[in-house]
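**Student:** Take this structure first; my questions come after.
The values are calculated or read from the model by the stated rules, or taken from the named source; none is laboratory data. Everything quoted here is computed from the prediction, not taken from an experiment. So basically every Cβ, Gly included, is an ideal-geometry build from the backbone, and we count neighbours across all protein chains shown.
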């Protein structure tokens with residue numbers, strides 16, 4: 001097990017990248033703590049899988065170094081890195097039995113037969129396949145196959161890290177939840193560094209201690225689920241995390257007040273003047289409908305999602321969502337929306353600005 | 001639901017029936033007819049029952065030809081299948097060179113059989129052939145018209161040259177269908193090159209490989225043109241395979257009865273082997289779908 005350091009890492013699929021737009025992964029410096037449970041979250045094509053494959057050594061980065069502990073492994077083969085990886089679609093060795101599939105990584109490393117037997121039984125019990133151990137893997141259902149892949153990923157105890165590349169895509173929702181819980185438990189038990197790639201925020205937030213949000217080949221924020229929720233470092237994080245995402249309104253920032261088309265919105269902190277595009281961001285959870293206090297809102301639609309209601313409206317030509325708690329009556333007398341001042345984040349050119357004392 | 005009954009619909013089947021009758025049933029039945037008749041000329045035939053079949057089953061000439069045929073098919077399968085797999089494994093997976101390889105590999109397959117025979121017939125000649133001339137120049141006593149072993153080597157090398165591409169191309173197609181994740185997983189699992197072949201590539205190739213073996217078996221078992229052009233079945237009878245012998249018997253000696261019995265048995269052997277292959281293949285599929 002080791003701490004993983006990415007130093008000045010960047011990758012392009014073009015042999016001779018001409019500019020930043022050719023890079024699938026823009027230059028980054030990051031440290032992944034030993035034993036951490038990380039989720040790599042981002043929409044399709046943002047470079048998550050590229051980053052994962054660089055860490056596992058399936059892909060050689062165009063520039064920069066990858067370090068495991070103090071050892072530079074940039075040029076090391078995947079097998080040397082002692083990494084486990086589970087792929088999006090199940091990879092099983094069809095002609096082998098389930099048992100042989102699980103034992104395969106151990107046998108290839110010349111482990112002792114008695115140890116292999118015990119370990120395989122343990123893993124099989126964990127993924128709930130102990131009854132099928134002597135069956136051929138060919139012809140099993142997709143989720144059974146993916147469970148075998150997961151099992152094969154976890155069978156080695158001494159791995160530096162276990163990487164998951166959207167492993168639960170093919171699994172049905174009920175089983176998804178169960179496997180995710182098991183992964184979490186496994187992490188607590190063995191303390192492997194785990195990196196979990198997903199585009200599903202629920203999956204990321206429930207699995208990880210630290211969520212790494214990627215956008216357009218860049219890591220835009222690395223933080224706890226709470227950080228991502230309360231203090232999104234980039235407007236993309238605000239928009240991507242949360243359901244619905246953060247409301248963003250173009251505003252002029254003057255000290256501790258934002259002006260949305262001239263209407264003042266009090267802020268929780270004081271900000272230096274901002275050059276370029278300035279916006280305020282507020283989560284729908286921290287917006288309240290009022291009868292005259294705050295900004296005027298035009299309500300377009302009310303969606304009842306059970307636990308609460310989502311009000312889709314428009315403020316100054318920009319769509320704004322508000323979450324109304326259960327039991328609160330929503331009627332036509334509610335014409336304005338008020339934002340909780342200390343929950344408002346301020347963005348300059350899409351990046352969050354830290355405010356000073358009000 | 002009520003079925004519409006209209007007997008005129010039978011007319012729609014008629015064209016197919018006519019084509020199949022003329023292309024398969026009538027010729028086959030003519031052969032069956034010959035196999036149970038004998039003639040002393042004047043187009044007068046009389047029934048001899050299974051006499052020709054008995055004669056053919058016990059004929060040492062046919063036994064020898066069958067032996068040579070089986071040996072020939074076994075040798076070329078033993079060479080072409082592993083060689084084809086080996087070539088497929090080493091062909092570039094994509095890009096410019098993949099296309100170049102594909103074109104080069106398909107070239108031998110596009111050459112007409114008798115042309116292949118002629119190419120090798122000339123290529124191997126000691127007096128003017130490039131191969132034969134230089135082999136004898138460096139002191140190797142090579143002459144396919146005199147020496148049975150040389151004749152066999154020539155015929156086998158020719159077949160390998162002509163048909164290995166087929167096996168290679170089919171295997172290549174099988175290999176191309178393997179998702180990259182399998183190779184990546186194998187690298188993560190630290191699988192050896194042999195394990196990758198044994199547990200990933202071979203199982204994925206199994207289906208097409210079986211078809212390749214079936215095609216190569218049937219083709220080689222019925223081979224006629226190429227060895228006939230190169231060696232004419234000689235020296236002696238050493239490269240007289242079943243088809244060559246059959247043609248000699250039917251057209252050379254005009255023994256229509258024995259030749260007909262012979263060809264029917266020949267047909268049944270090929271049918272039997274194809275059936276075995278078919279059964280194995282469908283069982284494989286069934287296992288897959290389980």
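**Student:** Do any residues in region A:283-303 that are at positive phi have Cβ atoms under 6 Å from those of residues that are modelled with pLDDT of 85 or more and part of a strand (DSSP E or B), where the two are at least six apart or on different chains, and which pairs are they?
**Tutor:** A:292/A:336; A:294/A:336; A:294/A:337; A:294/A:338
**Student:** Test each condition in (1) in contact with a helix residue (DSSP H, G or I) (Cβ under 9 Å, 6 or more places away or on another chain); (2) farther than 20 Å from residue A:222 by Cα; (3) buried (at least 16 other Cβ atoms within 10 Å of the Cβ); (4) within 14 Å of another protein chain (Cβ to nearest Cβ) for residue A:61 and report the one that comes out false.
**Tutor:** The number of the failed condition is (4).
**Student:** Let me ask you something else. What is the number of the single condition among (1) crowded, with 17+ Cβ neighbours inside 10 Å; (2) more than 22 Å from residue B:69 (Cβ to Cβ); (3) over 21 Å from the mean Cα position of the chain (by Cα) that residue B:105 does not meet?
**Tutor:** Checking residue B:105 against (1) crowded, with 17+ Cβ neighbours inside 10 Å; (2) more than 22 Å from residue B:69 (Cβ to Cβ); (3) over 21 Å from the mean Cα position of the chain (by Cα), the one that fails is (3).
**Student:** Taking the conditions exactly as written (within 30 Å of residue B:46 (Cβ to Cβ) and more than 14 Å from chain A (Cβ to nearest Cβ)), does residue B:249 satisfy them or not? Break it down stepwise before answering.
**Tutor:** Working: within 30 Å of residue B:46 (Cβ to Cβ): yes; more than 14 Å from chain A (Cβ to nearest Cβ): yes.
Yes, satisfied.
**Student:** Specify which of the listed residues (A:156, A:135, A:152) is surrounded by fewer than 17 Cβ atoms within 10 Å (Cβ to Cβ), at negative phi and in contact with a strand residue (DSSP E or B) (Cβ under 9 Å, 6 or more places away or on another chain).
**Tutor:** A:135
**Student:** Sticking with this structure for a sec: Based on what the data block shows, is residue A:119 closer than 16 Å to residue B:189 by Cβ and surrounded by fewer than 22 Cβ atoms within 10 Å (Cβ to Cβ)?
**Tutor:** Values: closer than 16 Å to residue B:189 by Cβ: yes; surrounded by fewer than 22 Cβ atoms within 10 Å (Cβ to Cβ): yes.
For residue A:119, the condition - closer than 16 Å to residue B:189 by Cβ and surrounded by fewer than 22 Cβ atoms within 10 Å (Cβ to Cβ) - is met.
**Student:** Further question on the same structure: For the list (1) within 14 Å of chain B (Cβ to nearest Cβ); (2) touching a helix residue (DSSP H, G or I) at 6+ places or on another chain (Cβ under 7 Å); (3) over 17 Å from residue A:158 (Cα atoms), I need the number of the one condition that residue A:76 fails.
**Tutor:** With (1) within 14 Å of chain B (Cβ to nearest Cβ); (2) touching a helix residue (DSSP H, G or I) at 6+ places or on another chain (Cβ under 7 Å); (3) over 17 Å from residue A:158 (Cα atoms) applied to residue A:76, the lone miss is (2).
**Student:** Hey, which of the strands (runs of 3 or more DSSP E) in region A:1-104, taking only ones fully inside, have at least 3 residues that are in contact (Cβ under 8 Å) with a residue 12 or more places away in the chain and closer than 30 Å to residue A:170 by Cα? Can you show your working first?
**Tutor:** On the way: elements: A:4-12, A:23-32, A:37-41, A:63-68, A:83-86.
Where strands (runs of 3 or more DSSP E) fall fully within region A:1-104 and carry at least 3 residues being in contact (Cβ under 8 Å) with a residue 12 or more places away in the chain and closer than 30 Å to residue A:170 by Cα, they are A:4-12, A:23-32, A:37-41, A:83-86.
**Student:** Follow-up question, since we're still on this one. Any residue at all in region B:197-205 that is in contact with a helix residue (DSSP H, G or I) (Cβ under 8 Å, 6 or more places away or on another chain), farther than 20 Å from residue A:101 by Cβ and assigned to a helix (DSSP H, G or I)?
**Tutor:** no
**Student:** Same structure again: Would you call residue A:163 under 17 Å from residue B:182 (Cα atoms), within 13 Å of chain B (Cβ to nearest Cβ) and part of a strand (DSSP E or B)? Step through it out loud before you land on a result.
**Tutor:** Numbers: under 17 Å from residue B:182 (Cα atoms): yes; within 13 Å of chain B (Cβ to nearest Cβ): yes; part of a strand (DSSP E or B): yes.
Taking the combined requirement at face value, the residue satisfies it.
**Student:** Sort out which residues of region A:43-71 are farther than 17 Å from residue A:11 by Cα and touching a strand residue (DSSP E or B) at 6+ places or on another chain (Cβ under 7 Å), and write them in order of number.
**Tutor:** Matches in region A:43-71: A:68 only.
**Student:** Here's another thing I want to ask about it. Out of the residues in region B:148-196 meeting the condition of being more than 9 Å from chain A (Cβ to nearest Cβ) and part of a loop (DSSP other than H, G, I, E, B), tell me which one is surrounded by the most Cβ atoms within 10 Å (Cβ to Cβ).
**Tutor:** Filtering first and then ranking leaves B:178.
**Student:** A further question on this structure: Under the condition of being out of contact with any helix residue (DSSP H, G or I) (no Cβ under 8 Å at 6 or more places or on another chain) and closer than 16 Å to residue A:160 by Cβ, which residue from region A:64-73 is surrounded by the fewest Cβ atoms within 10 Å (Cβ to Cβ)? Write out each step before concluding.
**Tutor:** Initial filter on region A:64-73 (out of contact with any helix residue (DSSP H, G or I) (no Cβ under 8 Å at 6 or more places or on another chain)): A:64-65, A:67, A:69-72.
Add one more test, that the residue is closer than 16 Å to residue A:160 by Cβ, and what stays is A:65, A:67, A:69-72.
Numbers: A:65: 14, A:67: 16, A:69: 13, A:70: 8, A:71: 12, A:72: 13.
Here the residue is A:70.
**Student:** Output the number of the condition that residue B:20 fails; it satisfies all remaining conditions of (1) under 30 Å from residue B:206 (Cα atoms); (2) surrounded by 10 or more Cβ atoms within 10 Å (Cβ to Cβ).
**Tutor:** Among (1) under 30 Å from residue B:206 (Cα atoms); (2) surrounded by 10 or more Cβ atoms within 10 Å (Cβ to Cβ), residue B:20 violates only (1).
**Student:** Condition (residue is surrounded by fewer than 21 Cβ atoms within 10 Å (Cβ to Cβ), without any contact (Cβ under 8 Å) to a residue 60 or more places away in the chain, within 14 Å of chain A (Cβ to nearest Cβ) and under 30 Å from residue B:179 (Cβ atoms)) applied to region B:211-233: is it met by at least one residue?
**Tutor:** no
**Student:** While we're here: If we keep just the residues of region A:91-102 that are surrounded by 22 or more Cβ atoms within 10 Å (Cβ to Cβ) and under 19 Å from residue A:131 (Cβ atoms), which is farthest from the other protein chains (Cβ to nearest Cβ)? Write out each step before concluding.
**Tutor:** Looking only at region A:91-102, we keep the residues that are surrounded by 22 or more Cβ atoms within 10 Å (Cβ to Cβ), and these are A:91-93, A:98, A:101-102.
When the remaining residues are screened for being under 19 Å from residue A:131 (Cβ atoms), the result is A:92, A:98, A:101-102.
On the way: A:92: 9, A:98: 14, A:101: 9, A:102: 11 Å.
Only one residue fits best here, namely A:98.
**Student:** Within region B:60-74, can you find the residues that are in contact with a helix residue (DSSP H, G or I) (Cβ under 6 Å, 6 or more places away or on another chain) and surrounded by fewer than 21 Cβ atoms within 10 Å (Cβ to Cβ)?
**Tutor:** Correct list: empty.
**Student:** Within region B:102-147, work out how many residues are assigned to a helix (DSSP H, G or I) and under 13 Å from residue B:229 (Cα atoms).
**Tutor:** Matching residues across region B:102-147 total 11.
**Student:** Then there is this: Please find, within region A:114-157, the residue that is farthest from the chain's Cα centre (by Cα) out of those that are more than 12 Å from chain B (Cβ to nearest Cβ) and assigned to a loop (DSSP other than H, G, I, E, B).
**Tutor:** Among those that are more than 12 Å from chain B (Cβ to nearest Cβ) and assigned to a loop (DSSP other than H, G, I, E, B), it is A:134.
**Student:** From the list A:210, A:176, which one is over 17 Å from residue A:84 (Cα atoms), touching a strand residue (DSSP E or B) at 6+ places or on another chain (Cβ under 8 Å) and in the same structural domain as residue A:154 (by TED's automatic domain parsing)?
**Tutor:** Of A:210, A:176, the one residue that is over 17 Å from residue A:84 (Cα atoms), touching a strand residue (DSSP E or B) at 6+ places or on another chain (Cβ under 8 Å) and in the same structural domain as residue A:154 (by TED's automatic domain parsing) is A:210.
**Student:** Taking region B:68-102 as the search range and keeping residues that are more than 17 Å from residue B:216 (Cα to Cα) and touching a residue at least 40 places away in the same chain (Cβ under 8 Å), which one is farthest from the chain's Cα centre (by Cα)?
**Tutor:** Filtering region B:68-102 for residues more than 17 Å from residue B:216 (Cα to Cα) gives B:89-102.
Still in the list and also touching a residue at least 40 places away in the same chain (Cβ under 8 Å): B:89, B:91, B:93, B:102.
Details: B:89: 23, B:91: 24, B:93: 28, B:102: 22 Å.
Applying the filter and picking the extreme gives B:93.
**Student:** Mind counting the residues in region A:248-268 that are surrounded by fewer than 17 Cβ atoms within 10 Å (Cβ to Cβ) and in a strand (DSSP E or B)?
**Tutor:** Just the residues of region A:248-268 that are surrounded by fewer than 17 Cβ atoms within 10 Å (Cβ to Cβ), to begin with: A:250, A:252, A:254-257, A:259, A:261-264, A:266, A:268.
Still in the list and also in a strand (DSSP E or B): A:250, A:252, A:254-257, A:259, A:263-264, A:266, A:268.
Going through region A:248-268 one residue at a time, the tally reaches 11.
**Student:** Checking the condition in a helix (DSSP H, G or I), closer than 28 Å to residue B:248 by Cβ and modelled with pLDDT of 90 or more, which residue from B:79, B:87 passes?
**Tutor:** Sole residue among the options that is in a helix (DSSP H, G or I), closer than 28 Å to residue B:248 by Cβ and modelled with pLDDT of 90 or more: B:79.
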